[in-house]
Amino acid sequence: MAIRVFGFPSSTCTSRVLFVLEELGVEYELIPVNFAAGEHKQHPYLERNPFGQIPAFQDGDLALFESRAITRYLVRKYGKDSGLLKKTTPEAAAAVDQWMEVETAQFDPAISTIVFQILVVPFFLGGTTDEKVVEAQLAKLGKVLDVYEARLSKSKYLAGESYTLADLHHIPCIHYFLTATPHASVFDSLPHVKAWWEAISSRPAIAKITAGMSLK
Ligand code: GS8
């Protein structure tokens, strides 16, 4: 049975999984979850993801949730030679782990809050963007991106000279930040971050999915 992903491509966490499937050329079926009807908060979906969030994932007998755990599983199972986790030495793998952690712990909380406030609150929740929250998170994001600029002035990708999951995990939120918020100019003063974004976002597997990612 084909791999099944439960979610939808405009969801940042779903797209993270789809990027890897496309990068590895693995066949899959995307099963839409009716967010508007609250399908993700009810049984039977809650048996797939007890936190009531998307995505959920099924490969044979294996059921998973948490997008970043799913991406790692996919690379270990179907992309051993892809280099996406740099399994060649403990040192190389540690660099990928480190930058994946940075994405989760430093980068994502700031950028996902900005994207949520500017796109999800007004267009999906019928509320008003809290500009104070956006401002505070933009300041945090700026500091994180300064670290990235320094890092990317020394290596083409975050974990070294080749593209890995550490880079890929960043793509969904940057896509929305640059294409659908008024703050894209933040990247203008960061030439190495900009060049990195151009390299990772133009990959065919990525462009195929981002073409269908819109929150408005
Ligand atoms: C987060 C999932 C998540 O926030 C992961 O899979 O990486 N750490 C998890 N999913 C959001 C949609 S983001 O695209 C979601 O389902 N939100 C609805 C909710 O929390 O009720």
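Determine which member of the set 180, 136 is in contact with a Ser or Thr (Cβ under 9 Å, 6 or more places away or on another chain) and open to solvent by less than 30 Å² (accessible area, probe 1.4 Å).
Numbers: 136 fails: open to solvent by less than 30 Å² (accessible area, probe 1.4 Å).
The match here is 180.
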Looking only at segment 49-71, count how many residues are within 9 Å of the ligand (Cβ to nearest atom) and part of a loop (DSSP other than H, G, I, E, B). 7
Per the filter on segment 75-86, residues in contact (Cβ under 8 Å) with a residue 12 or more places away in the chain and within 14 Å of residue 100 (Cβ to Cβ) are 75, 84, 85, 86
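When you check residue 83 against the structure, is it more than 16 Å from the ligand (Cβ to nearest atom), at pLDDT 95 or above, over 14 Å from residue 23 (Cβ atoms) and of a type in the set (Gly, Ala, Ser), yes or no? Write out each step before concluding.
Numbers: more than 16 Å from the ligand (Cβ to nearest atom): yes; at pLDDT 95 or above: yes; over 14 Å from residue 23 (Cβ atoms): no; of a type in the set (Gly, Ala, Ser): yes.
For residue 83, the condition - more than 16 Å from the ligand (Cβ to nearest atom), at pLDDT 95 or above, over 14 Å from residue 23 (Cβ atoms) and of a type in the set (Gly, Ala, Ser) - is not met.
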Total residues in segment 109-124, condition in contact (Cβ under 8 Å) with a residue 40 or more places away in the chain and open to solvent by 30 Å² or more (accessible area, probe 1.4 Å): 4
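Give the residues of segment 139-177 that are polar (S, T, N, Q), open to solvent by 30 Å² or more (accessible area, probe 1.4 Å) and closer than 20 Å to residue 68 by Cβ, sorted by residue number.
Residues of segment 139-177 that are polar (S, T, N, Q), as a first pass: 153, 155, 162, 164.
Cutting the leftovers down to open to solvent by 30 Å² or more (accessible area, probe 1.4 Å) gives us 153, 162.
Answer for segment 139-177, where residues must be polar (S, T, N, Q), open to solvent by 30 Å² or more (accessible area, probe 1.4 Å) and closer than 20 Å to residue 68 by Cβ: just 162.
So for segment 74-96 (the condition being assigned to a helix (DSSP H, G or I) and in contact with a His (Cβ under 7 Å, 6 or more places away or on another chain)), does at least one residue qualify? Steps first, please.
Of the residues in segment 74-96, the ones assigned to a helix (DSSP H, G or I) are 74-78, 90-96.
Now drop any that are not in contact with a His (Cβ under 7 Å, 6 or more places away or on another chain), which leaves none.
No, the conditions are met nowhere in segment 74-96.
Look through 105, 94 and report the one residue that is within 14 Å of the ligand (Cβ to nearest atom) and open to solvent by 40 Å² or more (accessible area, probe 1.4 Å). Full working, then the answer.
On the way: 94 fails: within 14 Å of the ligand (Cβ to nearest atom).
Result of the check over 105, 94: 105.
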Do you know which of the residues in segment 36-61 that are farther than 24 Å from residue 104 by Cα and aliphatic (A, V, I, L, M) is most open to solvent (accessible area, probe 1.4 Å)? 36
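Scan segment 108-126 for residues that are outside any helix (DSSP H, G or I) and away from the ligand (no atom under 15 Å from the Cβ) and jot them down. Can you show your working first?
Taking segment 108-126 as the starting set, the residues that turn out to be outside any helix (DSSP H, G or I) are 125-126.
Correct list: 126 only.
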Look at segment 1-35 and say how many of its residues are within 10 Å of the ligand (Cβ to nearest atom) and more than 18 Å from the chain's Cα centre (by Cα). 2
Since residue 163 meets every condition but one in (1) in a helix (DSSP H, G or I); (2) in contact with a Phe, Trp or Tyr (Cβ under 8 Å, 6 or more places away or on another chain), which condition does it not meet? (1)
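The values are calculated or read from the model by the stated rules, or taken from the named source; none is laboratory data. Every value quoted in this text rests on a predicted model; they were computed, and no experiment measured them. As a convention, Cβ positions derive from the backbone with ideal geometry for all residues, glycine included, and neighbour counts pool all protein chains shown. All accessible areas refer to the heavy atoms of the entire protein, side chains included, with ligands and DNA or RNA removed. Shrake-Rupley method; radii C 1.70, N 1.55, O 1.52, S 1.80 Å.
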